[in-house]
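See below for the structure under consideration.
The values are calculated or read from the model by the stated rules, or taken from the named source; none is laboratory data. Source: prediction; values computed, not measured. Cβ coordinates were reconstructed from backbone atoms using ideal geometry, including for glycine residues, and neighbour counts include every protein chain displayed.
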Amino acid sequence: MIALLALALKLVGTGFLVVATVGVLRFEDPFQRMHAATKAGTLGAGLVLIGVMLTKGSMDATVVAFLTLAFLIGTMPVAGHLLGRAAYVSGARLSSREDALAGVLPRAPHPLEERTALGFLAPAPVAGAATPAAAWRPAVAPEATPAAEDEPVETGFAGVRFAVIAPHAGLVTRRAIALAAAHDAPLTAVAVIDRDCVESARVPGARDVVRAKLAEAIEEMRRETRERPQPLALAYEEGDPLALIPALSAESRELLVLPTDGWCHHGAGVTLPVFEERLADKLFEVSRRHEGPTLFVGCEAGSGGPLVVVHDGGRRAQRLAAWALATRLWPAEAVTVVGSATKEQVEALAAIAADAGVSVSHLRASRAPAGAMLPTRFADAAAIVLPALPRRANGYGTFWQDAIVPGWRGDVLV
């Protein structure tokens, strides 16, 4: 009799496991598949365990079966709840017409599959190879080509990607969250350990030191997201940051947010002094590989001050400035265009800025100190828009923002 009962329990349990397998394979959305795996799977495994326990009939088998069954009942519902919550927050597709959690939990506007298929795991482009046509990137024509005044002005961005780099993770995260929330754009954080830094280090346990620093930066990022809930996708990698951080797809329409200094060894002090000097230029390389504008964050948002546009008269500078004004990245009350912009270009920028109640002035020539791009009168600027980055981040021991305005620290859009 006991043998027949054990056999029946095993058969019914196996049937539930088959139903769970079919549900995982056939159901449409992750929530239905999770329901099948947790409910039917747990019940089926539990019945099989009880059947095995009856078949063995020993105390050891009974103890092991009950402990395993208690572990399944205690962990599967919790795991299912956490996975379901994560799937919902990440924007996973719902087959149901009703969303009972709408307004209760924050939810990404696009599924995780769409936000993670943006190319940050793609290999770096080979030097000299053709790159995708950047349909929205400001730099699409030689500098000498005048801007077409009648072309439409693009606004906004479809995503925000930012690098988690110690010790600036908090500042960069706050700005990235604010930008993503203001434009209802998906947010992607990329935490990378530079493998070359670790492998070239002469410090024992360098990898553990760098990982500990990055863990502190990620925790700082998480504190910011807890205070300002915003769904984000976090990618953690160890490799080449030049290939892992930028979005290489021109169609991704992402704004890349970076700190003004630091690198993916996260200030762990594990590199040689000569190698450290070369690392200062790596952030610039990340920006140049990104198919879209890059915002170097140097201060808190809303710190005041005018917006300064360095303009060389080319189409690149015009499109970048027009995009920045139309997108309203900063709450600036005044805009100063410095450089050789034409009258038509300045008027076009003024027309865009007028929609936000911002005045635009033009300063064709300026007397800047030797080695600087702008005079110290612009030291109160909240942000500066540049058509191109300087060649070096720390040329001759001078921080790159000092080469723009001596002593100035703020946002730079390129």
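Is there a residue in region 21-34 that is over 39 Å from the mean Cα position of the chain (by Cα) and either among the aromatic types (Phe, Trp, Tyr) or in the same structural domain as THR68 (by TED's automatic domain parsing) (or both)? Scanning region 21-34, I find no residue that is over 39 Å from the mean Cα position of the chain (by Cα) and either among the aromatic types (Phe, Trp, Tyr) or in the same structural domain as THR68 (by TED's automatic domain parsing) (or both), so the answer is no.
Identify the residue in region 242-269 that is assigned to a loop (DSSP other than H, G, I, E, B), over 30 Å from PRO204 (Cβ atoms) and of a type in the set (Gly, Ala, Ser) and, among all such residues, is modelled with the highest pLDDT.
ALA247
Selection within region 330-357: residues that are in contact with a Pro (Cβ under 9 Å, 6 or more places away or on another chain) and not small (Gly, Ala, Ser). The member of this set that is farthest from PRO387 (Cα to Cα) is GLU333.
Just one residue in the set VAL297, VAL335, VAL360 is of a type outside the set (Gly, Ala, Ser), under 21 Å from VAL190 (Cβ atoms) and touching a residue at least 24 places away in the same chain (Cβ under 8 Å); that residue is VAL297. Please determine whether any residue of region 180-202 is under 23 Å from LEU386 (Cβ atoms) and surrounded by fewer than 17 Cβ atoms within 10 Å (Cβ to Cβ). The answer is yes, given that some residue of region 180-202 is under 23 Å from LEU386 (Cβ atoms) and surrounded by fewer than 17 Cβ atoms within 10 Å (Cβ to Cβ). List the number of the failed condition for GLU344; all other conditions in (1) touching a helix residue (DSSP H, G or I) at 6+ places or on another chain (Cβ under 9 Å); (2) modelled with pLDDT of 90 or more; (3) of a type outside the set (A, V, I, L, M) hold. Among (1) touching a helix residue (DSSP H, G or I) at 6+ places or on another chain (Cβ under 9 Å); (2) modelled with pLDDT of 90 or more; (3) of a type outside the set (A, V, I, L, M), the lone unmet condition for GLU344 is (1).
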